[in-house]
Structures are given as structure tokens and as C-alpha cells.
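Some notes on the structure that comes next.
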Amino acid sequence: MSEVLGVGIIGCGNISKTYFELAPLFKGIEVRYCADLYADVARARASEYGVMGGTVDMLLASNDVDIVVNLTVPDAHWPVSRDILSAGKHVYSEKPLVLSLEDGKAMQALAAEKGLRVGSAPDTFLGGAHQAARAAIDSGELGKITSGTCQVMSHGMEAWHPNPDFFFKPGGGPVLDMGPYYIANLINLIGPVKRVAALTSMATPTRTISSQPRAGEEITVETPTTIQALLEFQSGATITFIASWDVCAHRHHPMELYGTEGSIYVPDPNFFGGSVTVVDQTGEAKELDVAAHPLGQCNQGDAENRFANYRTAGLADMAQAIREGRDFRCSFDRAVHAVDVMMSILKSGETGSFVEIVTTCTRPEAFGADEAGALLK
Ligand SMILES: NC(=O)c1ccc[n+]([C@@H]2O[C@H](COP(=O)([O-])OP(=O)(O)OC[C@H]3O[C@@H](n4cnc5c(N)ncnc54)[C@H](O)[C@@H]3O)[C@@H](O)[C@H]2O)c1
């Protein structure tokens, strides 16, 4: 097999720029083709980044493409991934991988029949901050993690995204949009979930777009925009998870995990970096060296490079795993488990009952500094 796998991108919207710009940081992958429902949108992106561009059928027929990255909107994820697998190519999908367990099972069967691999974003848990947290937990210095809180709250997406409709439709909402970062990182840090319960609500039945070019247009809200969930993990840990787009301001930390010997404050898992603090039983706080990990080093933001962004790290890990025939961290079973957790949270909101999680997965292998460094060019 070639040392470099050809990558095609389907869906040339907002996040596609990030994939085009960051994929060249990594060994073993090369973006060669892009496509969209609107071929002119794809051709414009293609000429911006010097790759081939055209229709989805043209991309799927290309012999230069081994893995297709699915960057379409959530309700198109499964139909587009099905076409990619049917065309004989591996899939790496943006989150959420699918919107139901039934689609997940169909996807697994099709991938197995074709001998292909499926991976899914988010890959931010591979970042320096989350790997530093992982190393602290694995070292035993916090004792056993028994509880914690996760909070992702803001005033919504209609103020910045040019086409924010999908955020407020089934398949969107803060649990399916932001939840994947938190659930993936909780799987990384403490493993799979056993059962969930939730209360869900929406503050307003419509949202008014304030971003350009559609400022003033209204969106009908068709999914809960505030979710307060309880998660019980197979390890026994219990976590409160609040996700909302109905909150103007708050002072909660994104993730806090409490162990028998100490606590750890983890930054927003939507990002690769940020500060990680461990506090021991005496109250002494220690900040971990996030930048000692190559995927914790700031490479974006303003002139001071305030953010670490290495999206496509998960794709590069998957490409290397395909060449080496090993498991990869942003794997199908972990992504489907996250979908099970998130859909069960929404179901619990509707029924008022605890929902048992029927899928499971292993924790991904830690992604050490040496291994991450070796994947970078
Ligand atoms: N925007 C972000 O910051 C961001 C960050 C992380 C993840 N994501 C995820 O990435 C995905 C895309 O988000 P986005 O913000 O780029 O959306 P977007 O609406 O800006 O772009 C989606 C693109 O997909 C195309 N598309 C839709 N259905 C298609 C189909 N059936 N076949 C081919 N093309 C199709 C659309 O024409 C559009 O160009 C979503 O799943 C989102 O959750 C977005």
C-alpha cells in the first residue's frame, strides 16, 4: 500500500477550510479532490487549494482517492457515507457519525462487507491538553474518578454561522453538535457509559439569524436547545452534563473530574489545547505542561497564536492504522457509542426515564507526545 493515502472531501462549507489547511501538517494523507451538492462551490474550494473539484459522483469515481472525508450537514452524513462505502472507499465523517443506532448497524455491515474502515471526528481529544489529562488520570495520582461535571453553554449559533438552520433541526441541537467533543473526551478519560437520564427544553420556538448573509431570517426550532443530563459510566463514575444554546453568560469550567485523591480541571474539548490543572487533597494546584505535547502547541489565533488546532490528526491516525492494520483512536465503535449516548439523552428527555446504553467500546490508546510528533511532518 502507498505510504500516502489520497483524501477526498465531500461538503465544501464552513469547516472544509480547516481540513484543507491542517491536513498538510500530517504525514500519510494528501487531499486530492473535493465535491459538494453544488459543484461550483466545490470548484471554487478546489481552485483555492490546488486540488481537483467537481460532483460527488466524479470524486467517488476517482482512483486518486482512498479515504473520503464527509463534511456534509448531519442529516446527510449517513446517506453520503453509504455512497462512499458503496464506491469502495474508506470514510472519515464529521460528527455526529449517524443519527440512529439502526443507521450505525447498517453502516457497520456495509463497511464489513466491503472490507473498509470508518472513522469519525471529533479528534480534539488527541490534543495536548486532553492527553495531559489522560496521562494524569492514568498515572493514578487522582485516585479513582468517581464524579464530575461538564458544561457547554452559549447563546447559540445563529450569530456566527452563515447557514445556521441545521443546528436547530433534528440531528442538530447542542447535544449532537457539541456533545460529541465532551462524550469522546469522557470516553478517552474514563471509558464507556452505562446509562443516562435527562431533562430537555427549548427557550424559544424560533431563532432569528443575526449573521450575514441571511440576517433577519427566522429558523423554526425543532430540537431541544437546553439539555441537563446525568451519565453513569461503566467505571461507576457519575457525571453531570449540561449543554445549552439558551444561556447568555456563565462561570462554569468546561470539564471537572473528581477523583478519590484529587480533582482535575480540563479545558473545552472543542479545542486541542488550553490549561489543565490538577488539585491534590491538600488543595495544592499544579498546572500541567500541555505544550510538552506537539498537539498542545499553539498554532492559530491572532499574532500571538493563542489556539492549538490540529483537526485532521484523527484522520492521519486512521490512515496510518489502515496501512499498519491496527485500531485507530477515532474509531467507528467509539463514535457509535457516543451517538448511542447522545440519542439516549434526547430519548430520556422525551420519556422521563433512565435509558440503558446498549453499545460499548474500549478507551482509545493514549496518544503520547512521541507518537503524535512522529505523525507530524
Ligand atoms: N463549522 C464548524 O465550525 C464545524 C466544526 C466542527 C464540525 N463541524 C461539522 O461539520 C459538518 C459540516 O459543517 P459546516 O459548518 O461546514 O456546514 P456547512 O453548511 O457550512 O457546509 C456543509 C456543506 O455540505 C454540502 N452538502 C450538504 N449535503 C450534501 C450532500 N448530500 N452531498 C454533498 N454535499 C452536501 C453543502 O452544500 C455545504 O456546502 C457538520 O456535521 C458539523 O457538525 C462543523
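What is the number of the single condition among (1) of a type in the set (D, E, K, R); (2) modelled with pLDDT of 95 or more; (3) surrounded by fewer than 23 Cβ atoms within 10 Å (Cβ to Cβ); (4) touching a Lys or Arg at 6+ places or on another chain (Cβ under 8 Å) that ARG32 does not meet?
(4)
Can you name the residue in segment 35-55 that is of a type in the set (Gly, Ala, Ser) and touching a strand residue (DSSP E or B) at 6+ places or on another chain (Cβ under 9 Å) and, of all such residues, is most open to solvent (accessible area, probe 1.4 Å)?
Only one residue tops the list, namely SER47.
Quick check on segment 340-377: of everything there that is assigned to a loop (DSSP other than H, G, I, E, B) and among the basic types (Lys, Arg), which residue is nearest to ILE227 (Cα to Cα)?
ARG363
Out of all the residues in segment 52-66, which are assigned to a loop (DSSP other than H, G, I, E, B) and touching a Gly at 6+ places or on another chain (Cβ under 9 Å)?
Listed by number, the residues that qualify are SER62, ASN63, ASP64, VAL65, ASP66.
Can you tell me which residue within segment 1-29, out of those that are more than 10 Å from the ligand (Cβ to nearest atom), surrounded by fewer than 16 Cβ atoms within 10 Å (Cβ to Cβ) and at pLDDT 95 or above, is nearest to ARG323 (Cα to Cα)?
Filtering first and then ranking leaves VAL4.
On the basis of being on the phi > 0 side of the Ramachandran plot and assigned by TED's automatic domain parsing to the domain that holds GLU350, does GLY171 make the cut? Spell out how you get there, then give the answer.
Details: on the phi > 0 side of the Ramachandran plot: yes; assigned by TED's automatic domain parsing to the domain that holds GLU350: yes.
Yes; evaluated as a whole, the condition is true for this residue.
Restricting to segment 281-330, name every residue that is among the small types (Gly, Ala, Ser), crowded, with 21+ Cβ neighbours inside 10 Å and part of a loop (DSSP other than H, G, I, E, B).
Of everything in segment 281-330, just one residue is among the small types (Gly, Ala, Ser), crowded, with 21+ Cβ neighbours inside 10 Å and part of a loop (DSSP other than H, G, I, E, B), namely ALA308.
Which of the strands (runs of 3 or more DSSP E) found entirely inside segment 182-248 contain at least 2 residues meeting this: closer than 17 Å to SER353 by Cα?
Here the list reads 193-201, 226-233, 238-244.
Could you please find all residues in segment 121-167 being in contact with a Phe, Trp or Tyr (Cβ under 7 Å, 6 or more places away or on another chain), within 16 Å of the ligand (Cβ to nearest atom), modelled with pLDDT of 95 or more and of a type in the set (A, V, I, L, M)?
LEU126, VAL152
Output the qualifying pairs, or none if there are none: Cβ atoms under 8 angstrom, residues six or more apart or on different chains, first residue in segment 1-28 and closer than 25 Å to ARG82 by Cα, second residue polar (S, T, N, Q) and more than 16 Å from the ligand (Cβ to nearest atom).
Qualifying pairs under 8 Å: GLY28/GLN320.
Only one of PRO96, PRO122 is under 18 Å from GLY274 (Cβ atoms) and either assigned by TED's automatic domain parsing to the domain that holds CYS34 or open to solvent by 10 Å² or more (accessible area, probe 1.4 Å) (or both). Can you tell me which?
Testing whether each residue is under 18 Å from GLY274 (Cβ atoms) and either assigned by TED's automatic domain parsing to the domain that holds CYS34 or open to solvent by 10 Å² or more (accessible area, probe 1.4 Å) (or both) leaves just PRO122.
The values are calculated or read from the model by the stated rules, or taken from the named source; none is laboratory data. The structure displayed is predicted, hence computed values, not measured ones. Using ideal geometry, Cβ is built from the backbone for each residue, glycine included, and neighbour counts are taken over all protein chains shown. All accessible areas refer to the heavy atoms of the entire protein, side chains included, with ligands and DNA or RNA removed. Shrake-Rupley method; radii C 1.70, N 1.55, O 1.52, S 1.80 Å.
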